[in-house]
Amino acid sequence: GVSAQTSVGTWKTYSSFSDVRKMVQTPQKVYFISGNYLYSYDKETEETYNYNSGNKLNDIVITDIYYNIDGKYLLVTYSSGNIDLIYDDGEVVNMSDIKDAGLNYSTEINDVAFGGDYIYVATKFGLIVYDEKKQEVKSSGVYGKEISLVTIVGDYVIIDQNHSLYFLHKGGRFETFDNFSSNSESLAFSPS
């Protein structure tokens, strides 16, 4: 009989994953989106797992994934505005606040940033801030303006609205867009 053995360091080809659009590495796994499906590849067991609405997930059309290394979870966003947190220990927590808000705006999520104990979610209608530990909304910024990007730099949350950058201290009030400043010179950025 003929036996084939894969030696260490060689690639195995999985032809079923034709259009991987995002890949995120965690300490134990590599998560990736192929088609509208979420998969994880376990680095130790080399097993591939398909997450879907029938087993772990709380929605269907996945738009993006983000990993929080400090919080030890993968954040999954859906076209409906729904969010799942998949913790490294396998627990899944659903945060459906944006999806369930009943807004007259698209609930699509554009970007996610992690800062301290907070999750900053940029949407088609504004910025939502979640308390990571309580897994609930801390602040709702329904501006009626699309926030395309969000990031944390030092003590500031920086957002992109209509190709302009706006800044607000992390301790600021996110409920009103007017609280953001577009003047970066007014900020005291100091190396941390």
Extended-chain gain in nm, criterion 0.36 nm per residue less alpha-carbon gap, Gln135 and Asn36:
33.1 nm
With at most 14 other Cβ atoms within 10 Å, longest stretch of the chain clear of loop chymotrypsin sites (Phe, Trp or Tyr not before Pro) (DSSP)
15-188
If all Cα-Cα distances of segment 36-87 are sorted into 10 Å bins from 0 onward, what percent lands in each bin, rounded to whole numbers?
24, 54, 21, 1
Regression test value, accessible area per residue of the chain, probe 1.4 Å, units Å², expected 57 Å²
Expected max-MSF residue from Ile69, Ile83, Ile147 in the GNM of the chain (alpha carbon, under 10 Å) is Ile69
Shape call for segment 103-192 from the C-alpha gyration tensor, a ≥ b ≥ c root eigenvalues: rounded (a/c under 1.5), prolate (a/b greater than b/c) or oblate?
oblate
Honestly segment 16-110 on the Cα gyration tensor test (a ≥ b ≥ c root eigenvalues; a/c under 1.5 rounded, otherwise a/b vs b/c for prolate or oblate) is just prolate
Low-density loop cleavage sites - GluC sites (Glu not before Pro) in segment 121-177, where at most 16 other Cβ are within 10 Å (DSSP)
Glu175
Local electrostatic count, Ile33, Cβ distance below 12 Å [Lys/Arg +1, Asp/Glu -1]:
0
At 1.4 Å probe size, with the rest of the protein present, what percent of the exposed accessible area of the chain is carbon and sulfur atoms?
46 percent
If each part is reduced to its alpha-carbon centroid, segment 67-91 and segment 148-167 end up apart, in Å, by 22 Å
Can you give the calculated 222 nm mean residue ellipticity of the chain, where each DSSP H run of n ≥ 4 adds -39,500 (n - 2.57) and the sum is split over every residue, rounded to the nearest 500 deg cm²/dmol?
-500 deg cm²/dmol
Pulled fully out, how much extra length does the chain show between Asn55 and Ser96, if you take 0.36 nm times their separation in residues and subtract their Cα-Cα distance?
13.0 nm
Scoring segment 55-160 by relative contact order with C-alpha pairs under 8 Å, at least six apart, yields a percentage of 16 percent
Which loop trypsin sites (Lys or Arg not before Pro) in segment 122-158, with loop taken from DSSP, have no more than 12 other Cβ atoms within 10 angstrom of their Cβ?
Lys133, Lys134
Assuming a ≥ b ≥ c are the square roots of the Cα gyration tensor eigenvalues, decide whether segment 144-184 counts as rounded (a/c under 1.5), prolate (otherwise, with a/b larger than b/c) or oblate.
oblate
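The values are calculated or read from the model by the stated rules, or taken from the named source; none is laboratory data. Keep in mind that what you see is a predicted model, and the values were worked out from it rather than measured. Note: ideal-geometry Cβ built from the backbone for every residue, glycine included; neighbour counts use all protein chains shown. Note: accessible area is taken over every heavy atom of the protein model, side chains too, but ligands, DNA and RNA are not part of it. Shrake-Rupley method; radii C 1.70, N 1.55, O 1.52, S 1.80 Å.
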